[in-house]
Every structure is written in structure tokens, then in C-alpha cells.
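Working notes, structure below.
Since every read-out is calculated from the coordinates, none of them should be taken as a lab result. In this text the structure is predicted, and so the values were computed from the model without any measurement. Neighbour counts are summed over all protein chains in view; Cβ atoms, including those assigned to glycine, are modelled from backbone coordinates with ideal geometry.
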Amino acid sequence: MKAAVVTQAGQVPVYAEFDAPVAEAGHVLIDVEASALSHVTRAKASGSHYSSTGRFPFVAGVDGVGRREDGTRVYFFGPKEPSGGLAQRALVPQARCLAIPETLDPVKAAAMAIPGMSSWAALTERAKFVSGETVLINGATGASGRLAVQIAKHLGAACVIATGRHQQTLDALKVLGADHVVSLAQDEAALQRAFEPYFRAGVDVVLDYLWGPGAQTLLTCAARSLPDGYPMRFVQIGSIGGATLELPGAVLRASAISLMGSGIGSVPLERLMHAVSEVLHAAVPAGLEIATLAVPLEELALHWLNDAGRARTVFTMQS
């Protein structure tokens, strides 16, 4: 079969022949239709991800969409190595295969699964979000953040506040459900002034995709502006703004802010899979949108290192 084959650490996978996986007890053979190019997929292929085994060769790709041998369309996660999602066929543990609606386009499903799960799990599993609450999404202009705006609204947020640096994308978020937007492209004092009225009115949940200095500014402003004893839950999801921040202890002493993270480790894998299922079953009725760039796997070399902008690259399998 054709696959994206990783032959050694630090090398871009190559489009090549690879032995097709064979049936195994407790596992499912899947004819893959589409698999997204994610940060985790790139990291595992480079050998830099914490879950990398150091065994070569293997097929890249941590998840995807395809059909079981009985014709059922499924989303799958975590194929058994050396199998991977970027191949014509994958071998996946039974528990990591989820039936998905036939009405959902497989490219859209592959693109949406992990970024959609990030906010769905953060809201439902970690923040214990309640319909009618106010949600602030810090770093909402990426694929995950744009989905988070839509998902928060779908789950019943009364008010969604979105932040980001790209003004045109921020403005577009209003069409997707954001009630207010805050530009991060301003100095700290101006940013504090922009945040203050929202925190004074009460923000229940923050979904943070940034961390770093931007999150520090947000937290210090929240501690100063939230009503006394207001129980804001701050859920850390991504850290594209920086791996660390310096947070004065007074921020936590002077507020009822709860800090927590959401991801593999803080949420059991079966609950993350449940969140993916919920996202993909909601996608069509809720009208969830995600920008995609669909390309055939044979064009792997052209797209592996290229940034698709605000679209999510999805490889489709060719027979």
C-alpha cells in the first residue's frame, strides 16, 4: 500500500510503499479516506514528541477517517505502530474507532476532530461548563480557537468573547458566534483596559490556547477586575504564545480563579474520544465550520512543511 513512511528521526516522511497491516484480535482494519496534518503528527514523525518510540520505519499520522471492512465510516485515533493514519489502510484498537455520521464529509471530519475535541473536552470535562455562562477564548483565530467559538455557542454560552491578533479573522468570528472580540495587538495597558469591562461583568470560563505573556496579562486583569469571590475557571489548552509565564501569587490569593489544564493526561483517553464523538455528531446539525486544504497523499512532499495558513491540511488517500 502507499503511505507516508518515516525512515529516521528528523527526516520528512516519504510517499512510498509499505506493508499493509493484517488483522489482529482486538483491532480493526480501516480503509483510510482522510487524515489531517497535525502538530502531533509532525512531532511524532520528527521523533520530538514524548510518545515517540524511536523504532523505524513507521507510518506517520495519529488519526483519520475511513471505513471498516463492514462499510461503517469511522473516526480513528492512535493506530498500532508501525501503522499510521497517513496510509491507505490502518490497524487501530477497537476502542479507538468511533462511528460517525454518513452526512459528514470525511475531509471535514478529519480536520475537525482534534481541534474540536480540545474545546469540547475543556468545557465539558474540565470546566464543567453550564449553559448560560460566559466564555472567553484566548487565542481564537486559529483552527482550534475558531471551532471553540462555535462549540461554546452550540453548548449554550450566553456570551462568547474572543481574542487574537489578526483583526480580519477576529471580525469574521462574529459571524461564527463571538459576541465580542478583543485584539491582542495592543500594548499591555491598553489590553488591560480592553479586558476590564468583561471581567467586571463576570467571565465564567477561559479557554486559553496561548499561555505566555498574553495569558499572564489576562489573569492579572481578571484577578483585579472580577467581582469578589467570582469563581472563574481558567483552562489551559495550548501554549503557542509561550511555554511559561510568571504569575504573582497574589493573583490567586486575591481571586477565586481556578487554574487547570485540558489534554491527554488531565482527561482520560476514553473521555477525549467521547468528546470527539460529540463534536463530529454535532458538526452537521450545529453547522460547525473549519477551513480545510485537501490534497492527495502523493503530494506529501509539497505540503508536509508548508503552512496552509488558517486552513487545516488534510491528506486524502488515493487507490
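Gain on full extension, evaluated as 0.36 nm per residue between K128 and Q168 minus their Cα-Cα distance, stands at 11.2 nm. For the chain, the longest principal axis of the alpha carbon atoms and the long axis of helix 188-201 meet at an angle near 80°. The length gained by stretching the chain between A23 and S46 to full extension, at 0.36 nm per residue less their Cα-Cα distance, is 5.5 nm.
In percent, rounded to a whole number, the relative contact order of segment 1-100 is 33, using alpha-carbon pairs under 8 Å and six or more apart. For segment 18-64, chymotrypsin sites (Phe, Trp or Tyr not before Pro) are listed when DSSP marks them as loop and at most 16 other Cβ atoms sit within 10 Å of their Cβ; the list is Y50. Between D105 and R200, the contour length at 0.36 nm per residue exceeds the alpha carbon distance by 30.0 nm. Report the trypsin sites (Lys or Arg not before Pro) located in segment 75-182 that are in a DSSP loop and have at most 15 other Cβ atoms inside 10 Å of their Cβ, or state none. For trypsin sites (Lys or Arg not before Pro) across segment 75-182 that sit outside H, G, I, E and B with at most 15 neighbouring Cβ atoms in 10 Å, the list reads K80, K128, R165. Here is the list for segment 90-153: GluC sites (Glu not before Pro) lying in DSSP coil, each with at most 15 other C-beta atoms within 10 angstrom of its C-beta, are E102.
Cβ-Cβ distance of A243 and L269, R₀ of 22 Å, FRET efficiency by 1/(1 + (r/R0)^6): the value works out to about 0.40.
By the count of other C-beta atoms within 10 Å, a proxy for reagent exposure, S144, S255 are ordered fewest to most as S255, S144. Could you please state, rounded to a whole Å, how far the C-alpha centre of segment 21-71 is from the C-alpha centre of segment 145-223? Computed from Cα coordinates, the inter-centre distance equals 34 Å. Considering only A23, A34, Q150, the residue lying farthest towards the positive end of the dipole of the chain is Q150, judged by Cα position with unit charges set on Cβ.
As a calculated quantity, the FRET efficiency between H180 and L252 at R0 = 25 Å, using C-beta atoms, amounts to about 0.45.
Magnitude of the charge dipole for the chain, about its Cα centre and with charges confined to Cβ atoms of Lys, Arg (+1) and Asp, Glu (-1), is about 400 debye. From the square roots a ≥ b ≥ c of the eigenvalues of the alpha-carbon gyration tensor of segment 113-261, which class results: rounded (a/c under 1.5), prolate (a/b over b/c), or oblate? Rounded, since a/c falls under 1.5. Distant-in-sequence amide contacts of L293, defined by a placed amide H-H separation under 5 Å and a gap of 5 or more residues or a different chain, comprise R312, T313, V314. Find the relative contact order for the chain and round it to a whole percent, using C-alpha pairs within less than 8 Å whose residues are 6+ positions apart. This gives 18 percent for the chain. Axis angle, to the nearest 10 degrees, between helix 106-121 and the longest C-alpha principal axis of the chain: 40 degrees. Exposure proxy for I290, I240, I257, I151: other Cβ atoms within 10 Å of each Cβ, ordered fewest to most, give I240, I257, I290, I151.
Among the listed pairs K44/K174; K108/K174; K2/K44, those whose Cα-Cα separation exceeds 31 Å are K44/K174. Once you have a ≥ b ≥ c as the square roots of the Cα gyration tensor eigenvalues for segment 259-317, tell me rounded if a/c is under 1.5, and otherwise prolate or oblate according to whether a/b is larger than b/c. In terms of gyration-tensor shape, prolate. Tell me, rounded to the nearest percent, the portion of alpha carbon pairs in the chain spaced more than 35 Å apart. The calculated P(r) of the chain puts 23 percent of pairs beyond 35 Å. How much net charge surrounds L155 when only the other residues with a Cβ under 14 Å from the Cβ of L155 are counted, with Lys and Arg +1 and Asp and Glu -1? With Lys, Arg at +1 and Asp, Glu at -1, the net is -1. Karplus-derived 3J(HN,Hα) values for segment 230-245, using 6.51 cos²θ - 1.76 cosθ + 1.60 with θ = phi - 60°, are 6, x, 6, 9, 9, 10, 8, 10, x, 9, 6, x, x, 7, 9, 8 Hz; glycine and proline are entered as x. Scalar couplings 3J(HN,Hα) for segment 175-186, obtained by applying the Karplus form with A = 6.51, B = -1.76, C = 1.60 to θ = phi - 60°, are 5, 7, x, 5, 7, 9, 10, 10, 6, 8, 8, 8 Hz; x denotes Gly and Pro.
Put +1 on the Cβ of every Lys and Arg and -1 on every Asp and Glu Cβ in the chain; which of G212, P197, T169 then has its Cα farthest towards the positive end of the dipole? Towards the positive end, the residue furthest out is P197.
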